[in-house]
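Since the structure comes first, as structure tokens, the remarks are kept for the end.
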Amino acid sequence: MRDLAEIFGALADETRLRMLALLLENDELCVCDFVSALAITQSKASRHLRILRSAGLVDDRREALWVHYRLASRMGPDQSAAVAALRRVSAHHDLVQVRARLKDWLEHRKPRGGPILAASPRRRAAAR
């Protein structure tokens with residue numbers, strides 16, 4: 001039951017649900033992608049992603065300074081059931097703005113996942 005409680009605890013946050021919804025639609029995302037799409041700080045994104053990783057829902061890999069996340073490749077039955085349920089319900093929730101911010105970010109960021117510090121959502125809005 002402890003594993004199940006950890007999974008539900010990880011899913012009990014709107015930011016983490018949005019992160020998983022984005023990963024359901026994208027093979028892999030860098031922490032900087034979540035920062036831009038969700039308009040949150042890097043430390044907040046990293047903290048939420050650590051919780052998802054601890055619950056066995058995501059895997060990570062380091063590339064130079066950046067950490068990339070994807071859905072866990074080896075989920076247990078509880079994690080698989082939770083992700084399958086999220087897959088079914090996330091299509092019915094309004095993530096249009098989050099998806100649009102991610103799409104805009106991905107189109108303008110440097111290749112290979114490197115962050116563009118000057119192109120943060122706030123700085124782009126201020127430049128317009």
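The values are calculated or read from the model by the stated rules, or taken from the named source; none is laboratory data. This structure is a prediction, so every number in the text was calculated from the model and none was measured. Note: ideal-geometry Cβ built from the backbone for every residue, glycine included; neighbour counts use all protein chains shown.
Restricting attention to the range 13-53, and to residues there that are among the small types (Gly, Ala, Ser) and closer than 22 Å to Arg74 by Cα, which single residue is modelled with the highest pLDDT? Even if it seems obvious, please write down each step before you answer.
At the first step, the residues of the range 13-53 found to be among the small types (Gly, Ala, Ser) are 21, 36-37, 39, 43, 45-46.
If we keep only those that are closer than 22 Å to Arg74 by Cα as well, we get 21, 46.
Details: Ala21: 92, Ser46: 96.
The qualifying residue modelled with the highest pLDDT is Ser46.
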- request: Could you tell me whether any residue of the range 25-46 is in a helix (DSSP H, G or I), touching a strand residue (DSSP E or B) at 6+ places or on another chain (Cβ under 7 Å) and charged (D, E, K, R)?
  value: no
- prompt: Any residue in the range 77-95 that is farther than 21 Å from Ala12 by Cα and not small (Gly, Ala, Ser)?
  reply: no
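Which one of Arg88, Arg123 is modelled with pLDDT under 85, part of a helix (DSSP H, G or I) and either aliphatic (A, V, I, L, M) or over 17 Å from the mean Cα position of the chain (by Cα) (or both)? I'd like the intermediate steps shown before the answer.
Values: Arg88 fails: modelled with pLDDT under 85.
Criteria check complete, one pass: Arg123.
For the range 47-57, how many residues are touching a helix residue (DSSP H, G or I) at 6+ places or on another chain (Cβ under 6 Å) and more than 19 Å from Arg2 (Cβ to Cβ)? If you could, list the steps in order and put the result at the bottom.
So in the range 47-57, the residues touching a helix residue (DSSP H, G or I) at 6+ places or on another chain (Cβ under 6 Å) come out as 48, 51-52, 55-57.
Retained after the next criterion (residues that are more than 19 Å from Arg2 (Cβ to Cβ)): 48.
Residues flagged as touching a helix residue (DSSP H, G or I) at 6+ places or on another chain (Cβ under 6 Å) and more than 19 Å from Arg2 (Cβ to Cβ) within the range 47-57 amount to 1.
Go through the range 1-47 and give me each residue that's of a type in the set (Ser, Thr, Tyr) and over 20 Å from Val96 (Cβ atoms).
As a first pass, look at the range 1-47 and keep what is of a type in the set (Ser, Thr, Tyr): 15, 36, 41, 43, 46.
Of everything in the range 1-47, those that are of a type in the set (Ser, Thr, Tyr) and over 20 Å from Val96 (Cβ atoms) turn out to be Thr41, Ser43, Ser46.
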query: In the range 91-114, what count of residues is obtained for those that are surrounded by 14 or more Cβ atoms within 10 Å (Cβ to Cβ), at pLDDT below 85, of a type outside the set (A, V, I, L, M, F, W, C) and under 17 Å from Leu22 (Cβ atoms)?
result: 3
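Return yes when Leu20 is touching a strand residue (DSSP E or B) at 6+ places or on another chain (Cβ under 9 Å), part of a helix (DSSP H, G or I) and not basic (Lys, Arg) and no when it is not.
On the way: touching a strand residue (DSSP E or B) at 6+ places or on another chain (Cβ under 9 Å): yes; part of a helix (DSSP H, G or I): yes; not basic (Lys, Arg): yes.
Yes, satisfied.
Kindly indicate which of Leu117, Leu57 is loosely packed, with under 11 Cβ neighbours inside 10 Å and either modelled with pLDDT of 95 or more or more than 16 Å from Asp27 (Cβ to Cβ) (or both). It would help to see each step written out before you state the result.
Numbers: Leu57 fails: loosely packed, with under 11 Cβ neighbours inside 10 Å.
Criteria check complete, one pass: Leu117.
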- prompt: Based on what the data block shows, is Val83 touching a strand residue (DSSP E or B) at 6+ places or on another chain (Cβ under 7 Å), of a type outside the set (Lys, Arg), more than 20 Å from Lys103 (Cβ to Cβ) and part of a helix (DSSP H, G or I)?
  reply: yes
query: Which residues, taken from the range 28-45, are surrounded by 16 or more Cβ atoms within 10 Å (Cβ to Cβ) and hydroxyl-bearing (Ser, Thr, Tyr)?
result: Ser36
query: Cβ-Cβ below 6 Å, separation at least six or inter-chain, first residue in the range 30-57 and in contact (Cβ under 8 Å) with a residue 12 or more places away in the chain, second buried (at least 20 other Cβ atoms within 10 Å of the Cβ) and not in a helix (DSSP H, G or I): which pairs?
result: Leu49/Tyr69; Leu52/Val58
